[in-house]
Protein chains: 2
Amino acid sequence: MAKKTTIYDIARELNITVSTVSRALNNISTISESTRNAVMETAKRLNYRPNKVASSLTSGKTYIIGVLLPSAQIQFFASVIHALEKYLKSFGYSILLYQTNESLESEKNGISTLLEAQVDGIIASMSLETQEVSHFLKVKEEGKPLIIFDRTHDDLQHTPTVKIDDEQAGYIVTKHLLDKGYKNIAYITTKHGIKIFKERYEGYLRALEEAKRPINQAYSLFGELTVEGGYEGTQTLLKLRDKPDAIIGGDDYVALGIIRALHENKITPPTVGVIGFANQNFSEHIIPSLSTIDQQAIKMGKECAKMFLKIIESNTADKNNIEPVILEPLLLARESTDR
Amino acid sequence: MAKKTTIYDIARELNITVSTVSRALNNISTISESTRNAVMETAKRLNYRPNKVASSLTSGKTYIIGVLLPSAQIQFFASVIHALEKYLKSFGYSILLYQTNESLESEKNGISTLLEAQVDGIIASMSLETQEVSHFLKVKEEGKPLIIFDRTHDDLQHTPTVKIDDEQAGYIVTKHLLDKGYKNIAYITTKHGIKIFKERYEGYLRALEEAKRPINQAYSLFGELTVEGGYEGTQTLLKLRDKPDAIIGGDDYVALGIIRALHENKITPPTVGVIGFANQNFSEHIIPSLSTIDQQAIKMGKECAKMFLKIIESNTADKNNIEPVILEPLLLARESTDR
């Protein structure tokens, strides 16, 4: 039996997107008359028959997916989105982004805005302000898929999720410094109660305990996750009687501030070891190059895309009982800890 | 006479967004029954009367604006968008982003996707691939405002535009190096024919001519606008018999590559002067800190927002004869050229 013609075949034949084919077949007005005619002729010629189950499921499908994220300016998120877009594009989907800028009010508005824009589903990562998540339920009420990535929330534990093992990330940066012979390891992180930052810090404590190193309270600083936070934290640490010989920055920007403060005290890494998180695109190229953690943004984007397709193509009722995907963080050891 | 009640007053009274009020008054389905009732009661209590002219103009308004851009991962664009969002939010608008990833096909799809999502208008910056711009005309055909920012195109010269004076940017970085006493100034830029990069290079030539410096062809390198492009270009320049004593990078990433290549040859700026463009958020913090150009991203975002509001609120037929806004680039002189 010959393979059934799909809208993908029509798209390939005409060298247009699946989204355009879908819009033409569904008679949506943004398609030009000539494109619609070409699609209709090709559908007829290739003997295209809409699948009844599929078309009842996909009726009104726009092939637009909404992505709600804190900020596309944060490189980690930008990389996740790029990978997600690349993967879903080949299946005919377009992505619209909504940035919350870490505001809960804006996050609520974003959910409404994306639903109003008739997206087929939403892939989201929580703002720093979000404590309560009932606004996310609106997506499910409209019968549309919701996937949460990276920044998750305990109240959404039955929602399909893609994340990284953050406790492990904190553990491996600390373990790396211990393996390099650093003994007094400080940690400059954020005062916010966000789960991922808490988990990284717990990984730091676990590595120290495992190595039977004493926990020095003066070595844990909770400030802002910024260059200035790293700079000021390091100034504080350098005034201690027992100065640390290595400093972990809560992210690569904090690490930049640490390096600047060390420089002003005539210290260059790896004399004092410095390591960050997130592998920003400058980190490999500064002098000395910065050791950090690869948070697997590209893989995370791809896994979100695959999970989305799996949900939207499944006919089962248990589409929300999908196993979470948890990615492993990767150590990038560079000059700043290479002593 | 008492001031007329507007939808802004209703929004303030109920502590909800203007967008929500508009949706409730227009009976759009994504609003909950209780919110709709609250809006209706408040509208009645405050004696709200829809302005007939305004409501014919705004009928079907979604208070969603589409922004089409090459990539939110490019920090300059991210900053423009943040400023734009911040400004338009106070007028009740939400922003949806579409990234073209420098692809013309994706740009065409983006215009369709945003129009299909029922945006009130589009604010756009061209992809590197875009030579022909007829797909932008679809926005005007639907009677919706279109604003072009930063990366413009000659065929859209009657479209409202916000940009920076790029020729001047190239001029002032070169002038700065000459003023610092550098004599042999090289320039590593992109081989692509994009207008803004061509104009910057023309500014470089103008500054050299004005200073009566000879133009040495070996000092102009056209490669990739990446760290690797800067690194390889510098390796080439250091093999010349007359080595340059200053190098301009086409952007701050190119400058990172230049600094790395100099470092491998035991040279640290400002011994050889290095300057970039775009003031990435690492540039101020690396050692030595990098001189560069502030492209006024925040001001550009704000000017786009103001222009959009001006167009959408104007009743005149000449809404496309709006004067372009051209911003001045600002020199940020730092350690890498401070000799």
To make sure I understand the rule: partners must be aspartates and glutamates, Cα under 18 Å from the Cα of A:Lys180, and not fewer than 8 residues away in the same chain. Which ones qualify?
A:Glu209, A:Glu210, A:Asp245, A:Glu335, A:Asp338
What is the angle, in °, between the Cα long axis of helix A:104-116 and the longest principal axis of the Cα atoms in chain A? Nearest 10 is fine, range 0 to 90.
20 degrees
Let's test the formula: R0 of 41 Å, r as the Cβ-Cβ distance of B:Glu202 and B:Asn26. What FRET efficiency results, to the nearest 0.05?
0.25
Considering the dipole of chain A built from charges on the beta carbon (Lys and Arg +1, Asp and Glu -1) around the Cα centre, which of A:Phe136, A:Tyr201, A:Thr189 is farthest to its positive end?
A:Phe136
Counting each DSSP H run of 4 or more residues in the protein assembly as shown as -39500 (n - 2.57), what helix-only mean residue ellipticity at 222 nm follows after dividing by all residues, to the nearest 500 deg cm²/dmol?
-13000 deg cm²/dmol
Going 7 Å from Cα along the Cα-Cβ axis for the label, what nanometre distances separate B:Asp9 from the same residue across the other copies?
6.2
Taking a label point 7 Å from Cα toward Cβ, how far is A:Glu132 from its twins in the other copies, in nm, shortest first?
5.5
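Please get the size of the charge dipole for chain A, origin at its Cα centre, with Cβ charges of +1 on Lys and Arg and -1 on Asp and Glu, quoted in debye to the nearest 20.
Details: 40 positive and 42 negative charges, 205 e Å.
My answer is approximately 980 debye.
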So the label point goes 7 Å from the Cα of A:Arg241 along Cα→C-beta, right? Which residues of the range A:206-231 then have their backbone N under 19 Å from it?
A:214-220
Residues A:Arg200, A:Arg36, A:Arg49 arranged by fewest to most Cβ contacts within 10 Å
A:Arg49, A:Arg36, A:Arg200
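Cα gyration tensor of the range B:82-234, axes a ≥ b ≥ c as square roots of the eigenvalues: rounded (a/c below 1.5), prolate (a/b > b/c) or oblate?
prolate
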Given the protein assembly as shown, what percent of its DSSP beta bridges are antiparallel, to the nearest 5?
10 percent
For A:Lys183, go through the lysines and keep the ones whose alpha-carbon is under 30 Å away, minus same-chain ones fewer than eight residues off.
A:Lys175, A:Lys191, A:Lys195, A:Lys198, A:Lys212, A:Lys239, A:Lys243, A:Lys266
Long-range tail of P(r) for chain A (Cα pairs > 28 Å, %):
50 percent
For label points placed 7 Å from Cα toward Cβ, what is the shortest-first list of nm distances from B:Asn47 to its copies?
7.3
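What is the sum of charges, Lys and Arg at +1 and Asp and Glu at -1, for the other residues whose Cβ falls under 12 Å from the Cβ of A:Tyr87? Walk me through the numbers on the way to the answer.
On the way: positive: A:Lys86, A:Lys89, A:Lys299, A:Lys302, A:Lys306; negative: A:Glu85, A:Glu303.
Charge balance near A:Tyr87 sits at +3.
Take every residue in peptide A:106-113, count the Cβ atoms of other chains within 10 Å of its Cβ, and give the average of those counts.
5
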Give me the distance in nm between label points sitting 7 Å out from Cα along the Cα-to-Cβ direction at B:Asn321 and B:Asn216, one decimal.
5.2 nm
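Can you give the average number of partner chain beta-carbon atoms within 10 Å of each beta-carbon in peptide A:89-99, as a whole number? Don't jump to the answer; show the numbers that get you there.
Details: counts 5, 0, 0, 1, 1, 9, 5, 12, 9, 6, 8.
What the average comes to for A:89-99 is 5.
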Relative to the longest principal Cα axis of chain B, at what angle does helix B:297-313 sit, 0 to 90 degrees, rounded to 10?
30 degrees
Farthest toward positive dipole pole in the protein assembly as shown [+1 Lys/Arg, -1 Asp/Glu at C-beta], among B:Thr268, A:Gly229, A:Leu146
A:Leu146
Mean other chain Cβ within 10 Å across A:283-295 is 3
Over all pairs of different Cα atoms in the range B:7-50, the reciprocal of the mean inverse distance gives a Kirkwood radius in Å of 10.0 Å
Could you work out which residue, out of B:Leu88, B:Leu25, B:Leu114, moves most in a Gaussian network model of chain B, that is, has the largest mean-square fluctuation with Cα springs under 10 Å?
B:Leu25
Listed pairs B:Lys61/B:Lys140; A:Lys61/A:Lys163; A:Lys163/A:Lys299 exceeding 22 Å between Cα atoms
A:Lys61/A:Lys163
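With r defined as the distance between the Cβ atoms of B:Ser34 and B:Thr226 and R0 fixed at 45 Å, what FRET efficiency is calculated, to the nearest 0.05?
Numbers: r = 54 Å, r/R0 = 1.19.
Approximately 0.25, to the nearest 0.05.
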Which of the aspartates and glutamates could a cross-linker span from A:Lys310 if the Cα-Cα distance has to be under 14 Å and same-chain partners fewer than 8 positions apart are dropped?
A:Asp120, A:Asp318, A:Glu323
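Please work out whether the range A:64-144 counts as rounded, prolate or oblate from its C-alpha gyration tensor, where a ≥ b ≥ c are the square roots of the eigenvalues and a/c under 1.5 means rounded, while otherwise a/b larger than b/c means prolate and anything else oblate?
Details: a/c = 2.23, a/b = 1.17, b/c = 1.91.
Oblate, since a/c reaches 1.5 and b/c is not below a/b.
When DSSP beta bridges are limited to those with both residues in chain A, what percentage is antiparallel, rounded to the nearest 5? Intermediate results must be reported in sequence, preceding the final value.
On the way: 3 of 32 bridges.
Antiparallel bridges make up about 10 percent of those DSSP assigns within chain A.
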If you put +1 on each Lys and Arg Cβ and -1 on each Asp and Glu Cβ, how big is the dipole of the range A:7-50 around its Cα centre, in Debye rounded to 20?
100 debye
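At R0 = 25 Å, how high is the FRET efficiency between A:Gln157 and A:Lys306 if r is their beta carbon distance? Nearest 0.05 is fine.
Values: r = 20 Å, r/R0 = 0.82.
Calculated value: 0.75.
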Pairwise centroid distance, computed over Cα atoms, of the range B:289-313 with the range A:202-228, Å
41 Å
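Read-outs throughout are calculated quantities, based only on the coordinates presented, and are distinct from any laboratory measurement. Since we're looking at a predicted model, the values are computed, not measured. Virtual Cβ from ideal backbone geometry, glycine too; neighbours counted across all protein chains shown.
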